[in-house]
Amino acid sequence: YIMKKNLLLLVAFILTATVFIACGGGDGSTPTAAAEKCAELLKAGDYEGITNQLAFDENASKEDIDATKAMLVAMGKEKSEKQIAEKQGITSYKVVSEEIAEDGNTAIVKVEFTYGDGSTDTQNYDLKLVDGQWKPYLKK
C-alpha cells in the first residue's frame, strides 16, 4: 500500500505541469471547448476547478483520487501561480490547433498564452473522451 501511494505521489509530482496545462469541463463537447475551459480556469487561478475536471483511472480509489487532487492543488498554487505571477498574469489565450487521434478517443489541443509582460508560450492539453465528454488526463 505504501509503495503504491509513493508511486502515485511520484507520478503526480512529475506530471503536475501537465495537469495544470490540461483540464476540461465547460460543455466538453469538443476537445477545443474543454481546452478553452481549462485555460479560463488557469487564468482565474482556480486549481480546485482544474483538478475537478480531470479524468482519473477507473480503478483508482476515492481516497487516492482525493489525495492526488489535494496534492495537485497545493503544487499548482506553489509553482504555477508563482510562474504566472512572475509574467504578470495571463492576459489572453487562443487555441492554435486541435488534433484528434484516429481512434477518436484522445486529442491534443495546443493553446497559446499571452502574459502581462508580453511573453507568450504554447501548451499542449492532452484530452480523452470519457462518457461523451472531453476531459484532461495524466499521461503515463
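Assuming a ≥ b ≥ c are the square roots of the Cα gyration tensor eigenvalues, decide whether segment 39-97 counts as rounded (a/c under 1.5), prolate (otherwise, with a/b larger than b/c) or oblate. Mind showing how you got there, number by number?
On the way: a/c = 3.32, a/b = 1.70, b/c = 1.95.
It is oblate, given that a/c is not under 1.5 and a/b is not larger than b/c.
Please find the FRET efficiency linking S29 to A60, where r is the Cβ-Cβ separation and R0 is fixed at 30 Å, and quote it to the nearest 0.05. Present the calculation step by step, with values, prior to reporting the outcome.
Working: r = 25 Å, r/R0 = 0.84.
The pair S29/A60 has a calculated efficiency of 0.75.
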If you take the square roots of the eigenvalues of the alpha-carbon gyration tensor of segment 65-137 and sort them as a ≥ b ≥ c, do you get rounded (a/c under 1.5), prolate (a/b over b/c) or oblate? oblate
Net lengthening on full extension, M71/E112 (0.36 nm per residue, minus Cα-Cα): 12.1 nm
Scalar couplings 3J(HN,Hα) for segment 100-112 by Karplus 6.51 cos²θ - 1.76 cosθ + 1.60 (θ = phi - 60°), nearest whole Hz, x for Gly and Pro, are 9, 4, 4, 6, x, 9, 9, 8, 10, 10, 9, 10, 9
Considering only Cα-Cα distances, which of the following residue pairs are longer than 22 Å: K43/K135; K87/K139; K37/K139; K62/K139; K79/K128; K69/K110? K87/K139; K79/K128; K69/K110
Taking 0.36 nm per residue of separation and subtracting the Cα-Cα distance, what length does fully extending K82 through V95 add? 2.3 nm
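Any read-out appearing in this document is the output of simple, stated calculations on the displayed coordinates, not a laboratory observation. Here the structure is a predicted model, which means the values were calculated and not measured. As a convention, Cβ positions derive from the backbone with ideal geometry for all residues, glycine included, and neighbour counts pool all protein chains shown.
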